[in-house]
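In what follows, a structure is listed as structure tokens, so that the remarks can point back to it.
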Amino acid sequence: MELNEIPVRTIDGEDTTLGEYEGKVKLIVNVASRCGLTPQYEKLEELQRAYADRGFTVLGFPSGQFNQELSTEEAIKEYCSTTWGVTFPMFEKVEVNGPARHPLYSVLTETADEAGDAGDVAWNFEKFVVTPSGAVHRFRPTTQPDAPEIVSLIEAELPRS
């Protein structure tokens, strides 16, 4: 299945597809509110604010897969908004591994990271940069959202300002 055709549901319960973000550079991240890596929300939001007007968006997919996410979408939305000032699109909680893996992550996890490893998401805050042409680049959870390899990839894919 083409990435842009995959059905997703927003954190507010609206059905859509990634086609809504076609033509944009997308940073897709499985997020969690109670993880040691949760402060990455701050850098994700900084990227959103820095590049959104040039055709970039962060897409946050909460996952309880590692038992570190709040129980409801409403609680997640409130936490992200009030604690981190999140303005980027957030979606319903999804499974990123295993038999109930969301179709989006079935496609994304086919991509290997820089070490050549594909397969399961290792932990919360695994990052996938999807270019407007559909190329997927994978970055493991401990790679910060503002790491040079991510920022340079984003900038290379955006129109010059």
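Among the residues of segment 127-150, those that are on the phi < 0 side of the Ramachandran plot and surrounded by fewer than 17 Cβ atoms within 10 Å (Cβ to Cβ) comprise 131, 132, 133, 135, 140, 142, 146, 147, 148, 149.
Yes or no, residue by residue, for (1) at pLDDT 95 or above; (2) among the charged types (D, E, K, R); (3) in a loop (DSSP other than H, G, I, E, B):
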position	(1), (2), (3)
115	no, no, yes
118	yes, no, yes
128	yes, no, no
143	yes, no, yes
155	yes, yes, no
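Taking the stated definitions as given, is residue 66 under 28 Å from residue 158 (Cβ atoms), buried (at least 16 other Cβ atoms within 10 Å of the Cβ) and hydrophobic (A, V, I, L, M, F, W, C)? For residue 66, the condition - under 28 Å from residue 158 (Cβ atoms), buried (at least 16 other Cβ atoms within 10 Å of the Cβ) and hydrophobic (A, V, I, L, M, F, W, C) - is not met. Test residue 94 against the stated conditions and say whether it is in contact with a His (Cβ under 6 Å, 6 or more places away or on another chain) and buried (at least 19 other Cβ atoms within 10 Å of the Cβ). Spelling it out, residue 94 is indeed in contact with a His (Cβ under 6 Å, 6 or more places away or on another chain) and buried (at least 19 other Cβ atoms within 10 Å of the Cβ). Where strands (runs of 3 or more DSSP E) fall entirely within segment 1-48, those with at least 2 residues that are touching a residue at least 24 places away in the same chain (Cβ under 8 Å), surrounded by fewer than 20 Cβ atoms within 10 Å (Cβ to Cβ) and in contact with a Ser or Thr (Cβ under 9 Å, 6 or more places away or on another chain) are at 7-9. Residue by residue through segment 137-152, note down the ones that are touching a residue at least 60 places away in the same chain (Cβ under 8 Å) and either in contact with a Ser or Thr (Cβ under 8 Å, 6 or more places away or on another chain) or basic (Lys, Arg) (or both). Matches in segment 137-152: 150 only.
Yes/no matrix, rows are residues, columns are (1) within 22 Å of residue 20 (Cα to Cα); (2) assigned to a helix (DSSP H, G or I):
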residue: 66; (1), (2): no, no
residue: 78; (1), (2): no, yes
residue: 86; (1), (2): yes, no
residue: 93; (1), (2): yes, no
residue: 98; (1), (2): no, no
residue: 105; (1), (2): yes, yes
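The values are calculated or read from the model by the stated rules, or taken from the named source; none is laboratory data. Nothing here was measured: the structure is a model prediction, and the numbers come from that model. No Cβ is skipped: glycine too gets one built from the backbone with ideal geometry, and neighbour counts run over all protein chains shown.
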